[in-house]
Structures are given as structure tokens and as C-alpha cells.
Amino acid sequence: MTLFLENARIIDPEGDTVTTGNVILHAGQIAAIGAASAPKGAQVIDCGGACLAPGIIDWGVKIGEPGERHKESFRSAGLAAAAGGVTTMIARPDTTPAIDTPEVLEFVTRRAAEASAVRIRHMAALTKGRDGREMTEIGFLLDAGAIAFTDATRVTTDPKVLSRALTYARSLGALVIGHPQEPGLSLGAAATSGKFASLRGIPAVHPMAERIGLDRDLGLIEMTSARYHADQITTARSLPALERAKANGLDVTAGVSIHHLTLNEFDVGDYRTFFKLTPPLRSEDDRLAMIDAVASGLIDVIGSFHTPADEESKRLPFEDAASGAVGLQTLLPAALRLWHAGQLTLPQLFRALALNPARRLGLPQGRMAEGAPADLVLFNPDTPFVLDRFALASKSKNTPFDGTRMEGKVLASFVDGRQVYGAAS
């Protein structure tokens with residue numbers, strides 16, 4: 001089917017432009033941008049001046065298959081992603097069992113293809129069982145379709161194991177994702193250290209724990225010349241080390257979660273566990289520093305770090321409650337807060353949400369260009385709404401934005417030129 005999307009505000013993160021025009025989708029690709037009229041037989045969709053951008057590539061999504069399907073399934077995650085303008089999910093390997101063998105990877109790849117409305121690519125574990133003792137068969141996992149390697153939030157404490165894994169990954173051109181954190185300092189922490197955490201008696205971790213973990217990782221990257229991505233940079237103290245690494249030519253990129261760009265440590269309020277995250281929410285100065293780092297390109301990627309948790313694991317004392325929040329449907333409206341505040345432009349946002357993750361992972365998506373895959377999101381950035389967590393498509397409803405006034409509504413999502421969400425006409 002050929003689609004003709006007319007009267008759209010076209011966001012091009014590569015060209016750093018926002019223009020008004022028409023787009024033709026054909027045979028799973030963007031066939032033309034700026035066409036004057038619809039081809040014969042095309043289905044016409046009037047965008048009504050809404051924004052048309054590359055579909056979001058959400059890097060770091062946790063899906064509960066296998067092992068925790070009651071929290072999130074491939075089907076429910078796919079529905080939430082499509083409703084949120086996420087056309088590709090990069091799934092984490094912290095499942096039960098972990099995705100650490102080609103057999104498990106092939107199973108989840110097949111299940112994802114059968115059940116999800118959007119694309120799903122899987123990361124594999126860097127060490128067996130994510131235990132940090134013995135590296136996985138990186139070569140076999142690459143052959144089976146692994147897009148990158150990570151132990152997610154578990155930090156490998158043995159530098160010799162990690163250096164061997166990095167050396168082997170470098171020889172195969174594999175990308176390794178690290179979680180910058182000093183595990184001893186951060187063990188048991190539920191907040192960022194400071195007056196706020198002390199007054200509420202919450203066990204806390206100093207921001208230097210992230211800097212120490214990043215310094216360790218960057219030293220090993222300098223030693224091994226491996227390809228490396230820091231999943232979440234959340235403190236201003238980490239930015240100089242990241243900047244030096246890039247300036248010195250290390251093959252390093254970094255990401256940040258949308259929650260650390262839009263929330264701060266005070267949002268925990270009266271022990272609200274939906275705001276308990278890993279890493280914990282930081283100071284307002286840190287939040288503003290992360291926004292500046294995204295604007296300058298020092299931080300490359302924004303992700304939701306979608307982490308579903310059931311009610312039973314969240315309805316506990318703050319210290320004991322599970323960490324993490326769902327974010328597939330809230331990623332875009334939360335990110336648009338930064339645009340409405342004048343802190344980031346729409347091309348800058350979609351550079352971090354789509355173009356940069358695609359480039360780093362070697363994916364053809366993420367571009368608004370003729371010949372690129374027709375994975376797109378159509379949205380109105382100004383539509384106001386109050387978020388109701390029970391209206392989310394995710395099985396788990398643990399969002400910190402419940403009851404929050406937000407702006408930005410997804411009108412339609414397209415994957416491979418097919419509309420997978422919305423009723424735009």
C-alpha cells in the first residue's frame with residue numbers, strides 16, 4: 001500500500017530542520033518528501049499540521065518474557081510502544097533466565113516477531129547469568145542476532161573479567177553497554193545523598209559513585225579500545241570524564257533516562273515509590289546539566305528505561321520497593337516538556353530519541369530521508385491531557401507521571417510503512 005501523508009510538519013534530525021510538506025510511503029520506505037500531489041491509488045492521510053518525525057528507538061526496554069510475563073509481555077509492550085510513537089524497542093537481557101545463550105535469544109526473537117506490533121531487537125548478557133564471572137559466547141550471540149551486550153544494572157566487579165570481555169567484544173566489533181556505578185557504594189541505596197534524603201531517613205548514595213564507575217569503565221575502554229556505551233549518565237560530576245574520553249578519540253557514547261531529564265530528587269515527596277529509580281533521581285542542578293549535555297551532543301541518547309513492576313512490589317516502604325518505572329507511552333510527552341520549556345528543539349529531541357540510537361546500533365531507521373525505512377510517528381505536540389496510569393497499554397502501571405498534566409499526543413505510528421497505531425484520516 002502507498003500512503004500519502006499531506007500537510008505535515010516534517011522533523012528532520014539529520015538536517016536539523018522543521019518544514020511543512022507532504023511525504024509518500026511506499027514498499028516500506030520513505031519514497032518521497034515534499035511531493036506536490038498523491039500518487040494514483042494512494043491512501044491519503046491529512047496530518048492537519050501535526051508533526052511527523054522518525055519513529056522513536058527506545059534503547060533499554062525491559063520486557064517480562066521470559067520469566068515475568070505478568071509484568072509485561074511482548075504483546076503489551078508492543079501496544080504501549082506503538083501508542084507512544086516508539087517503533088523500535090531495544091530490549092534488555094535482564095530476564096529470567098537471562099538472555100545469555102543463542103537458544104534463549106532465538107526464543108525471544110521469535111516470540112517478539114509473533115506478538116509485537118513494533119520492531120524489537122535484543123541485547124544479550126555480557127556474562128553468563130549476568131553474574132560477572134564468565135563472559136558469554138559473544139560470537140555465537142552476534143550470529144543469533146544480538147545487537148549489543150550488557151549485564152544491565154548489574155555491574156561486573158572483577159576488572160579482569162570485564163577487560164577480557166571487552167577485548168573479545170572489540171575483536172568482533174560488538175558494542176558493550178555499561179551501567180556506570182560503583183556497586184559497593186550504591187548497594188542498598190534508594191536516593192541521592194544530601195539533606196533531603198537525610199531528613200527522610202532514606203538510604204542514599206553519593207553522586208561520585210557514578211563518576212567512579214564511569215572512570216573505571218573508561219580506563220578499561222582506553223586499555224582495550226572496545227566500543228562502549230554508558231547506559232545512563234545522570235550527574236554533572238560524570239560529564240568532564242565523558243567529554244575527555246570523546247576528545248581523546250575513544251569509541252564512547254552515552255545515554256540518559258527521560259525521568260532524569262524531567263524529574264528531580266524532591267519529586268520523591270512523601271516516599272512515593274513510583275519515583276524510585278535506578279540510578280535514583282538527582283538534584284535539580286544535575287537535571288539541568290543533563291539537558292545541556294543532550295543539547296550539546298555530549299550525551300547522545302534519551303531513553304525511557306521502561307521497567308515494569310507490579311503493584312505488590314511497589315506498594316512497600318520506599319527502601320524495600322522495587323526500582324523502575326514504565327515509560328514507553330510517556331517518553332514522548334515527557335520529552336516534549338523540554339521543547340515547551342525552550343531547552344531543546346524538536347530536531348535535537350529526535351536526534352537523541354531516534355537518529356543517534358540508530359547510528360550507534362547500526363540500524364537503518366531513525367532518519368527522515370528518501371529511501372529510509374518508513375518507521376514514523378505523527379503527533380501533536382500541543383495537545384494537553386492528564387495522564388491516567390490505568391489507561392496505559394502496559395500490563396504494569398508504575399509511572400511517576402500518574403495524574404500529571406502533560407502535552408503531546410501521538411496520532412499515528414507507522415512501522416515499515418504500515419500504520420500500527422491511531423486513527424488518523
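State yes or no: is Val161 open to solvent by less than 30 Å² (accessible area, probe 1.4 Å) and touching a residue at least 40 places away in the same chain (Cβ under 8 Å)? Working first, answer last.
Values: open to solvent by less than 30 Å² (accessible area, probe 1.4 Å): yes; touching a residue at least 40 places away in the same chain (Cβ under 8 Å): no.
Taking the combined requirement at face value, the residue does not satisfy it.
At least 2 residues that are farther than 30 Å from Gly145 by Cβ and open to solvent by 40 Å² or more (accessible area, probe 1.4 Å) in each: list the helices (runs of 4 or more DSSP H) lying fully within the range 173-271 that qualify. Working first, answer last.
Working: elements: 183-186, 195-200, 208-224, 239-247, 258-262.
It comes to 183-186, 195-200, 208-224, 239-247.
Out of curiosity, is Thr307 touching a residue at least 60 places away in the same chain (Cβ under 8 Å), β-branched (Val, Ile, Thr) and surrounded by fewer than 21 Cβ atoms within 10 Å (Cβ to Cβ)?
Working: touching a residue at least 60 places away in the same chain (Cβ under 8 Å): yes; β-branched (Val, Ile, Thr): yes; surrounded by fewer than 21 Cβ atoms within 10 Å (Cβ to Cβ): no.
Judged against the criteria, Thr307 is not a match.
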>> Please verify whether Ser296 is among the hydroxyl-bearing types (Ser, Thr, Tyr), at pLDDT 95 or above and open to solvent by 20 Å² or more (accessible area, probe 1.4 Å), treating the condition exactly as stated.
In response: yes
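Against the condition of a type in the set (D, E, K, R) and open to solvent by 30 Å² or more (accessible area, probe 1.4 Å), how does Asp286 come out, does it pass?
Working: of a type in the set (D, E, K, R): yes; open to solvent by 30 Å² or more (accessible area, probe 1.4 Å): no.
The answer is no for Asp286.
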> Any chance the range 101-121 includes a residue that's under 19 Å from the mean Cα position of the chain (by Cα) and closer than 24 Å to Glu210 by Cα?
Replying inline: no
>> I'd like to verify a number: residues in the range 408-425 that are of a type in the set (A, V, I, L, M), open to solvent by 30 Å² or more (accessible area, probe 1.4 Å) and modelled with pLDDT of 95 or more, how many?
In response: 2
> Can you pull out the residues in the range 272-282 that are open to solvent by 20 Å² or more (accessible area, probe 1.4 Å) and over 16 Å from Arg389 (Cβ atoms)?
Replying inline: Thr278
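The values are calculated or read from the model by the stated rules, or taken from the named source; none is laboratory data. Since this is a predicted model, take the numbers as computed values, not measurements. Positions of Cβ are backbone-derived with ideal geometry, glycine not excepted, and every protein chain shown enters the neighbour counts. Note: areas computed on protein heavy atoms with side chains; ligands, DNA, RNA excluded. Shrake-Rupley method; radii C 1.70, N 1.55, O 1.52, S 1.80 Å.
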